Amino acid sequence: MKNKTKPDHIQSLYLARRVAGYFFKYKFRIILSFISLAIVAACTAGTAFLVKPALDNIFIEKDETSLLFIPILLVVMFALKGFFMFLQKYEMNYCGLKVLEELRNELYAKIICLPTSFFNESQVGMLMSRVVNDVTLIRNSMPEFIRMIRQGITMVGLIGLVIYRDPYLAFWALLVLPLTAWPFVFFGKKLRKIGRKNQKQIATITSLLQETFNGLSVVKAFAAEKLENKKFEEKNAGLVKIAVRGVKYNEMSSPIMELIGAVGMGLVIWYGGSQVIAGKSTPGTFFSFMTGLIMLYEPFKSINSANLSIQRALAGAERVFEILDSKTINVETQGHTVYDHHFQSLCFDHVTFAYPGTEEPALQDITLDIKAGERVAIVGSSGSGKTTLAGLIPRFHDPQTGQILLNNTPLTEFTLESLRKGIGIVSQDAFLFNASIAENIAYSQTNIDPHQIIQAAQAAYAHGFIQELPDGYDTIVGERGVKLSGGQKQRITIARAILKNPSLLIMDEATSALDTESESIVQKALDNLMQGRTSIVIAHRLSTVISADRIVVMNRGEIMDVGKHEELLQRCGVYANLYRIQFESSKADITHQK
Ligand SMILES: Nc1ncnc2c1ncn2[C@@H]1O[C@H](COP(=O)(O)OP(=O)(O)OP(=O)(O)O)[C@@H](O)[C@H]1O
């Protein structure tokens, strides 16, 4: 994925508009927040305004009414300021969190609907990082933007006050104002760049963690903990290095702003002091002016740090909208016809398919007809294209040339949901979710009666062992089903397929993962599953091959021959060879079973 193609300011405008669109829904809360912040700004300026009457009336003129009135006014102002400050912050953070929720949902919904080819090319950790981390940064953008406006209004109020108090003094104080623009722009740019790098590095670390934790048994088997530690330490050090640079620029901006402020202050003391000494101004006016000036420092500082946060948020927004708005990252396309789940025929018509980025097609000119009720075995050496062929049926990939017709209708014309719901897939990788057994069996189905789950488990020869588990059907299976054996997991996925009740079955037979005993139970479960259904089996067992209505022999992405076992042995050299290498060892078992 390309990172950025537009200049920073155009990209910023686009991102700001995109982010603002999400906040627009909460306009009333944002307006309330604005009103609150205007009141806060007025109270802040009002407090500075009170310093002059406090000094001149109480301390110089010794006026008793002012002595009572001014402290009460001060408390009221602070109370108002406190309340509206709370309201403003609460409303803003509420909006920020709701936008975060919506963006996360949208991003997840988009990612999960992307074609499988996208996941082949992208790191899962990188995607996770976008959903978890990058979106969080955007959440802060609006409150920070509001903070910027709030402090801007406060600043204007205070500047108005200092000009009102003494325009000449104000001239000296504000002479340095243009200088402040430089750190604002410079540090903003730096932090945006660092923000980008930081998010990228977090994504790399998330990918690494995800990969290592998934492959932990391999890491341990190869005693590669030290190696993995080193890899992690390197990435982590990279992240810290970026963060330290961020801290450097972040913390450097404040003293520089302060220095610029001090220059202004110095000019004021020099000019204002001389005015008081010459008797042209009162100490009250001067100190009120100075208070306003000192108070100006806070909004200056805040605007600067809000800008830095906004730059970081924009770096996050770049990564989020890169996925949401990309013209090349598209969700799966689909048709409008609803597949009625009555399988009649499946026809591959001169289908050729190459994986993205590869030259050699994984499937070449495949033509094959499958009729209702048939049991078709696909055999071939490793890499011959069996899994790829099976994956075209639920449209995990689409062929570049040729077409696949289901009941004489191109697959692309069906809605993906109806098509995939009508196909049962049992693969070697018996994937289970970290949920209860019942939930795993009933995955993706609603309103399922517990009896139906039990019946499916019985047909899959899983009911017995499930009952023996401490919580029965409510037992949580652990991530990827770690708490179950290979054969048990496989039987649960078979129960899941039985409950789904598809008219077309695609199976990638499990072989070496299971011992002979569980293999024979799994085989019985599969027989139950296949009963009365059309099935396409990527066959690794001789028994499946022999009992198939037809055997499709694949070699280097092409169909070499189609026929029955005996015929193929006679006429197909590839099959005869395959039989000798792969299946002959199980011949004895078959003879024994007979
Ligand atoms: N995601 C992918 N990206 C690129 N090439 C791929 C991808 N998956 C498979 N291939 C290639 O496509 C070809 C067919 O692979 P496929 O997995 O369909 O073979 P197979 O017959 O199922 O093999 P096996 O019996 O080992 O599972 C192989 O050359 C493989 O390298």
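Taking segment 456-478, which residues are touching a residue at least 40 places away in the same chain (Cβ under 8 Å) and out of contact with any strand residue (DSSP E or B) (no Cβ under 7 Å at 6 or more places or on another chain)?
The answer is Ala456, Ala459, Ala460, Tyr461, Ala462, Val477, Gly478.
Is one or more of the residues making up segment 379-389 in contact (Cβ under 8 Å) with a residue 40 or more places away in the chain and under 21 Å from Gly532 (Cα atoms)?
no
Starting from residues that are closer than 10 Å to Ala495 by Cβ and part of a loop (DSSP other than H, G, I, E, B), keep the ones in segment 449-479 and report whichever is farthest from the chain's Cα centre (by Cα).
The extreme case among them is Tyr461.
Among the residues of segment 113-152, which ones are in a loop (DSSP other than H, G, I, E, B), open to solvent by 50 Å² or more (accessible area, probe 1.4 Å) and within 16 Å of the ligand (Cβ to nearest atom)?
Gln123
I'd like the residue in segment 250-277 that is of a type in the set (A, V, I, L, M, F, W, C) and within 22 Å of Val51 (Cβ to Cβ) and, out of all such residues, is least open to solvent (accessible area, probe 1.4 Å).
Applying the filter and picking the extreme gives Val268.
Quick one: in segment 533-555, which of the residues that are free of Cβ contacts under 8 Å to residues at least 60 places away in the same chain and more than 14 Å from the ligand (Cβ to nearest atom) is nearest to Gln582 (Cα to Cα)?
Step by step, filter segment 533-555, then rank; the result is Leu542.
Sort through Val338, Val379, Val351, Val331 and tell me the only one that's more than 16 Å from the ligand (Cβ to nearest atom) and either surrounded by 22 or more Cβ atoms within 10 Å (Cβ to Cβ) or within 30 Å of Arg17 (Cα to Cα) (or both).
So the residue among Val338, Val379, Val351, Val331 that is more than 16 Å from the ligand (Cβ to nearest atom) and either surrounded by 22 or more Cβ atoms within 10 Å (Cβ to Cβ) or within 30 Å of Arg17 (Cα to Cα) (or both) is Val331.
In segment 354-371, what count of residues is obtained for those that are within 16 Å of the ligand (Cβ to nearest atom) and either assigned to a strand (DSSP E or B) or not assigned by TED's automatic domain parsing to the domain that holds Thr401 (or both)?
The total comes to 5.
What strands (runs of 3 or more DSSP E) lie completely within segment 528-569 and have 3 or more residues being crowded, with 21+ Cβ neighbours inside 10 Å?
Qualifying strands (runs of 3 or more DSSP E): 534-538, 550-555.
Take segment 315-328 and flag every residue that is open to solvent by 20 Å² or more (accessible area, probe 1.4 Å) and in contact (Cβ under 8 Å) with a residue 24 or more places away in the chain.
Glu322, Leu324, Asp325, Ser326
Determine, yes or no, whether Thr387 is within 15 Å of the ligand (Cβ to nearest atom), surrounded by fewer than 21 Cβ atoms within 10 Å (Cβ to Cβ) and closer than 28 Å to Asn501 by Cα.
yes
Looking at (1) of a type outside the set (D, E, K, R); (2) at pLDDT 85 or above; (3) within 17 Å of Leu505 (Cα to Cα); (4) open to solvent by 40 Å² or more (accessible area, probe 1.4 Å), can you tell me which one Gly424 breaks?
The number of the failed condition is (4).
Can we say Arg104 is over 30 Å from Ala38 (Cβ atoms), charged (D, E, K, R) and either crowded, with 16+ Cβ neighbours inside 10 Å or touching a strand residue (DSSP E or B) at 6+ places or on another chain (Cβ under 9 Å) (or both)?
Against the criterion (over 30 Å from Ala38 (Cβ atoms), charged (D, E, K, R) and either crowded, with 16+ Cβ neighbours inside 10 Å or touching a strand residue (DSSP E or B) at 6+ places or on another chain (Cβ under 9 Å) (or both)), Arg104 qualifies.
Out of the residues in segment 391-400 meeting the condition of being open to solvent by less than 20 Å² (accessible area, probe 1.4 Å) and more than 8 Å from the ligand (Cβ to nearest atom), tell me which one is farthest from Arg420 (Cα to Cα).
Checked segment 391-400; the qualifying residue farthest from Arg420 (Cα to Cα) is Leu392.
The values are calculated or read from the model by the stated rules, or taken from the named source; none is laboratory data. Small disclaimer: the values here were computed from a predicted structure and weren't measured. Reconstructed Cβ throughout: ideal geometry from the backbone, glycine too, with neighbour counts over all protein chains shown. What goes into the accessible areas is simple: the full protein's heavy atoms, side chains included, and nothing from ligands, DNA or RNA. Shrake-Rupley method; radii C 1.70, N 1.55, O 1.52, S 1.80 Å.
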